[in-house]
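Asks: Take this structure, written in structure tokens, and hold onto it; I'll ask about it next.
The values are calculated or read from the model by the stated rules, or taken from the named source; none is laboratory data. The shown structure was predicted, so the numbers you read here are calculated from the model rather than taken from an experiment. Positions of Cβ are generated from backbone atoms using ideal geometry, with glycine treated the same way; all protein chains shown enter the neighbour counts.
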Amino acid sequence: MTIEIKVPVLPESVADATIATWHVKSGDSVKRDQNLVDIETDKVVLEVVAQEDGVIGEILDEEGATVLGEQVIGQLLQGGAAAPAAAPAAKAEAPASAPAASVEAVDVKVPVLPESVADATIATWHVQPGESVSRDQNLVDVETDKVVLEVVAPADGSITEIFAAEGTTVTAEEVIGKFAAGAVSAAVVSAPAAEAEDDSDALSPSVRRLLAEKDIDPASVKGTGKGGKITKEDVEKHLKAPAPAAAKADSAPVAVPAGERSEKRVPMTRLRKTIANRLLDAKNSTAMLTTFNEVNMKPIMDLRKQYQDSFVKRHDIKLGFMSFYVKAVTEALKRFPEVNASIDGDDIVYHNYFDVSIAVSTPRGLVTPVLKDTDTLGMAGIEKGIKELAIKGRDGKLSMAEIMGGNFTITNGGVFGSLLSTPIINPPQSAILGMHKIQDRPMAVNGKVEILPMMYLALSYDHRIVDGKESVGFLVAIKEMLEDPTRLVLDV
């Protein structure tokens with residue numbers, strides 16, 4: 001029985017995704033629930049697992065391919081039948097009869113564009129008229145403001161005409177070239193070595209990403225693919241074989257000038273591009289202001305020191321600063337409902353629940369998972385919730401439910417040493433609180449100078465919905481609760 005391997009249903013507002021990593025290859029035996037492939041969106045990495053024990057059949061979309069929700073990207077043969085071994089052989093024999101087959105003209109079209117994307121740009125043609133190509137070989141990259149789409153060959157054949165040059169603006173399903181299925185260029189077949197240099201430039205996204213991550217010059221890798229094209233296996237083989245590099249160093253006749261400057265160019269990840277677009281959108285679509293205050297952290301530091309051991313013994317987790325921040329923010333949101341609201345068109349939506357986004361730095365970029373219903377959580381519940389979200393964020397395991405929503409955001413730049421900042425609102429939220437480095441400073445207390453551990457607070461807010469009086473009052477309420485933690489218990 002053949003089971004289709006499909007892309008999961010994508011979250012709302014996510015138009016497409018990218019094949020990040022295949023953990024198996026055709027012919028591999030797999031167990032039920034074994035992870036087969038990682039699918040990356042601009043928000044989260046999704047895992048596709050085996051539905052049953054079996055053998056991987058054909059893989060239809062390679063790493064780096066752009067795919068849609070519920071698209072079939074491979075096949076799983078339940079139980080591991082012998083059929084898959086015969087299938088490739090039958091496919092391998094097909095080219096023998098290709099010369100006698102009739103030539104079929106096929107339009108090369110721009111793919112269907114994601115929702116809200118009006119047009120696209122021809123980024124790179126990887127082939128020229130007359131060149132022979134193999135089925136699924138990348139012909140052209142089409143770039144939108146959200147993603148780069150690849151147009152691949154529907155069959156073995158050759159490109160006959162190109163209608164849209166690089167840099168041309170095109171629309172969805174526009175015909176940009178002609179492809180002759182079954183047509184083979186004799187010049188290409190008779191002189192593969194002559195074109196190896198040109199074809200090697202057409203690197204797949206997965207190969208480009210691996211070369212960039214390992215800082216490898218493509219010219220130093222020997223390609224074994226069609227026309228000398230570099231494959232992922234070629235790069236991995238290059239990494240495992242240090243000998244050629246040593247030989248090259250010994251035979252190099254040209255000395256490298258001392259202090260030579262170099263650059264490394266790495267394509268932005270989908271997540272990084274999304275972060276950039278959201279930050280720009282926040283700056284351009286909100287009337288954002290920032291107000292500041294400072295807080296004496298000594299009372300909280302003394303409280304933590306006094307009860308830390310008892311807290312750990314009872315709850316099996318340390319008492320950190322974030323639980324105090326979240327508790328203070330939650331109480332302040334209750335008192336200032338405008339800060340817990342958002343704008344939807346011409347309406348103001350007041351939220352009667354308290355979901356706080358916590359900014360978490362991960363290897364892939366900044367994410368803001370949501371700690372839900374913080375008004376119902378105790379200090380231990382908050383600490384455990386934040387730790388769980390941070391670990392999932394680091395490992396790329398956050399679910400869509402854990403990163404969607406949120407009425408208010410807390411970001412703590414102090415862990416990186418930031419003394420003061422103006423955080424940017426996380427739309428459609430109305431405000432964000434920035435916490436900073438705790439630093440000893442001389443302060444006037446009852447007419448005397450004392451050295452106290454002080455921290456600056458920064459509240460950025462959307463002035464369209466939050467007035468200055470509410471923003472200052474909100475920040476003062478947080479200051480008072482942090483400087484006198486008893487207020488959090490007594491609700492005063």
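Asks: Output yes when any residue across the stretch 11-33 is part of a strand (DSSP E or B), under 30 Å from Ala118 (Cβ atoms), of a type outside the set (D, E, K, R) and free of Cβ contacts under 8 Å to residues at least 40 places away in the same chain, and no when none is. Please lay out each step first, then the result.
Replies: Let us first name the residues in the stretch 11-33 that are part of a strand (DSSP E or B), namely 17-22, 29-30.
If we keep only those that are under 30 Å from Ala118 (Cβ atoms) too, we end up with 17-20.
Remaining after also requiring of a type outside the set (D, E, K, R): 17-20.
Those left that are additionally free of Cβ contacts under 8 Å to residues at least 40 places away in the same chain: none.
Checked against the condition, which is being part of a strand (DSSP E or B), under 30 Å from Ala118 (Cβ atoms), of a type outside the set (D, E, K, R) and free of Cβ contacts under 8 Å to residues at least 40 places away in the same chain, the stretch 11-33 yields no hits at all.
Asks: When you check Lys31 against the structure, is it over 24 Å from the mean Cα position of the chain (by Cα) and at pLDDT 85 or above, yes or no? Talk me through it step by step, then tell me what you get.
Replies: Numbers: over 24 Å from the mean Cα position of the chain (by Cα): yes; at pLDDT 85 or above: yes.
In short, yes.
Asks: On the given criteria, is Thr362 of a type in the set (Val, Ile, Thr) and under 25 Å from Gly396 (Cα atoms)? Give the derivation first.
Replies: Values: of a type in the set (Val, Ile, Thr): yes; under 25 Å from Gly396 (Cα atoms): yes.
Yes.
Asks: Restrict the check to the stretch 291-299 and report whether at least one residue is assigned by TED's automatic domain parsing to the domain that holds Ile465 and assigned to a helix (DSSP H, G or I).
Replies: Of all residues in the stretch 291-299, those assigned by TED's automatic domain parsing to the domain that holds Ile465 come to 291-299.
After this cut, where a residue has to be assigned to a helix (DSSP H, G or I) as well, the list is 298-299.
The answer is yes, given that some residue of the stretch 291-299 is assigned by TED's automatic domain parsing to the domain that holds Ile465 and assigned to a helix (DSSP H, G or I).
Listed here are the residues, each with its yes/no results for (1) in contact with a Lys or Arg (Cβ under 9 Å, 6 or more places away or on another chain); (2) more than 20 Å from Lys298 (Cα to Cα); (3) surrounded by fewer than 16 Cβ atoms within 10 Å (Cβ to Cβ).
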position	(1), (2), (3)
Pro427	yes, yes, yes
Met435	no, no, no
Ile438	no, no, no
Val449	no, no, yes
Tyr456	yes, no, no
Asp462	no, yes, no
Thr486	no, no, yes
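Asks: Turning to a different aspect of this structure: Return yes when Thr409 is under 19 Å from Met481 (Cβ atoms), in the same structural domain as Asn284 (by TED's automatic domain parsing) and part of a strand (DSSP E or B) and no when it is not. Give the derivation first.
Replies: Working: under 19 Å from Met481 (Cβ atoms): yes; in the same structural domain as Asn284 (by TED's automatic domain parsing): yes; part of a strand (DSSP E or B): yes.
So Thr409 fits the description; yes.
Asks: Only one of Thr290, Thr286, Thr274 is surrounded by 15 or more Cβ atoms within 10 Å (Cβ to Cβ), at pLDDT 85 or above and farther than 30 Å from Leu319 by Cα; which? Walk me through how you get there before you give the answer.
Replies: Values: Thr290 fails: farther than 30 Å from Leu319 by Cα; Thr274 fails: at pLDDT 85 or above.
None of the other options fit; the residue is Thr286.
Asks: Are any residues in the stretch 2-25 farther than 12 Å from Ile73 by Cα and of a type in the set (Asp, Glu), and if so, which ones?
Replies: Glu12, Asp16
Asks: When only residues in the stretch 152-190 that are crowded, with 20+ Cβ neighbours inside 10 Å and at pLDDT 90 or above count, which is nearest to the chain's Cα centre (by Cα)?
Replies: Ile176
Asks: Taking the stretch 34-65, which residues are in a loop (DSSP other than H, G, I, E, B) and touching a His at 6+ places or on another chain (Cβ under 9 Å)? I'd like the intermediate steps shown before the answer.
Replies: To start, the set of residues in the stretch 34-65 that are in a loop (DSSP other than H, G, I, E, B) comprises 34, 41-44, 50-53, 60-65.
Scanning the stretch 34-65 gives a single hit, Gln34.
Asks: Of everything in the stretch 407-425 that's among the hydrophobic types (A, V, I, L, M, F, W, C) and modelled with pLDDT under 95, which residue is surrounded by the fewest Cβ atoms within 10 Å (Cβ to Cβ)? Lay out the reasoning, then the answer.
Replies: To start, the set of residues in the stretch 407-425 that are among the hydrophobic types (A, V, I, L, M, F, W, C) comprises 408, 410, 415-416, 419-420, 424-425.
Those still in the list that are modelled with pLDDT under 95 too: 415-416, 419-420, 424-425.
Numbers: Val415: 13, Phe416: 9, Leu419: 12, Leu420: 14, Ile424: 20, Ile425: 23.
The qualifying residue surrounded by the fewest Cβ atoms within 10 Å (Cβ to Cβ) is Phe416.
Asks: Hey, another quick one. Quick check on my filter: what residues within the stretch 464-478 are surrounded by fewer than 17 Cβ atoms within 10 Å (Cβ to Cβ) and farther than 12 Å from Val339 by Cα? Give the steps one after another, and end with the answer.
Replies: Let us first name the residues in the stretch 464-478 that are surrounded by fewer than 17 Cβ atoms within 10 Å (Cβ to Cβ), namely 464, 467-469, 472-473, 476.
Correct list: Val476 only.
Asks: Follow-up. Condition first: over 29 Å from the mean Cα position of the chain (by Cα), in contact (Cβ under 8 Å) with a residue 60 or more places away in the chain and either over 29 Å from Asp462 (Cα atoms) or surrounded by fewer than 17 Cβ atoms within 10 Å (Cβ to Cβ) (or both). Now tell me which residues in the stretch 315-340 satisfy that.
Replies: His315, Ile317, Lys318, Leu319, Arg335
Asks: For the stretch 348-364, check the following and say yes or no: at least one residue is aliphatic (A, V, I, L, M), assigned by TED's automatic domain parsing to the domain that holds Phe321, at negative phi and out of contact with any strand residue (DSSP E or B) (no Cβ under 9 Å at 6 or more places or on another chain). Spell out the reasoning first.
Replies: Within the stretch 348-364, the first condition is being aliphatic (A, V, I, L, M), and the residues that meet it are 348-349, 356, 358-360.
Those still in the list that are assigned by TED's automatic domain parsing to the domain that holds Phe321 too: 348-349, 356, 358-360.
Now restrict to residues that are at negative phi: 348-349, 356, 358-360.
Filter again for out of contact with any strand residue (DSSP E or B) (no Cβ under 9 Å at 6 or more places or on another chain), leaving none.
No, the stretch 348-364 contains no residue that is aliphatic (A, V, I, L, M), assigned by TED's automatic domain parsing to the domain that holds Phe321, at negative phi and out of contact with any strand residue (DSSP E or B) (no Cβ under 9 Å at 6 or more places or on another chain).
Asks: Moving to a separate point now. If you take the residues in the stretch 227-250 that are aliphatic (A, V, I, L, M) and farther than 20 Å from Glu63 by Cα, which one is modelled with the highest pLDDT?
Replies: First, pick out the residues of the stretch 227-250 that are aliphatic (A, V, I, L, M): 230, 235, 239, 241, 243, 245-247, 249.
When the remaining residues are screened for being farther than 20 Å from Glu63 by Cα, the result is 241, 243, 245-247, 249.
Values: Ala241: 72, Ala243: 49, Ala245: 43, Ala246: 43, Ala247: 42, Ala249: 45.
Among those that are aliphatic (A, V, I, L, M) and farther than 20 Å from Glu63 by Cα, it is Ala241.
Asks: What's the number of the only condition in (1) touching a residue at least 24 places away in the same chain (Cβ under 8 Å); (2) farther than 26 Å from Pro427 by Cα that Ile343 fails to meet?
Replies: All conditions are met except number (2).
Asks: Can you tell me which residues in the stretch 361-389 are in a strand (DSSP E or B) and surrounded by fewer than 20 Cβ atoms within 10 Å (Cβ to Cβ)? Even if it seems obvious, please write down each step before you answer.
Replies: Residues of the stretch 361-389 in a strand (DSSP E or B): 361-362, 365-367, 370-371.
Hits for the stretch 361-389 are Ser361, Thr362, Gly365, Leu366.
Asks: On to the next question. Would you confirm whether any residue within the stretch 393-401 is within 26 Å of Val349 (Cα to Cα) and hydroxyl-bearing (Ser, Thr, Tyr)?
Replies: Going residue by residue through the stretch 393-401, those that are within 26 Å of Val349 (Cα to Cα) are 399-401.
Imposing the further condition that a residue be hydroxyl-bearing (Ser, Thr, Tyr) reduces the set to 399.
Yes: one or more hits.
Asks: Can you tell which of Glu47, Glu58, Glu63 is within 29 Å of Ala212 (Cα to Cα), in contact with a strand residue (DSSP E or B) (Cβ under 6 Å, 6 or more places away or on another chain) and surrounded by 19 or more Cβ atoms within 10 Å (Cβ to Cβ)?
Replies: The match here is Glu63.
Asks: May I ask you to list the residues in the stretch 15-35 that are in contact with an Asp or Glu (Cβ under 8 Å, 6 or more places away or on another chain) and among the aliphatic types (A, V, I, L, M)?
Replies: Ala15, Ala17, Ile19, Ala20, Val30
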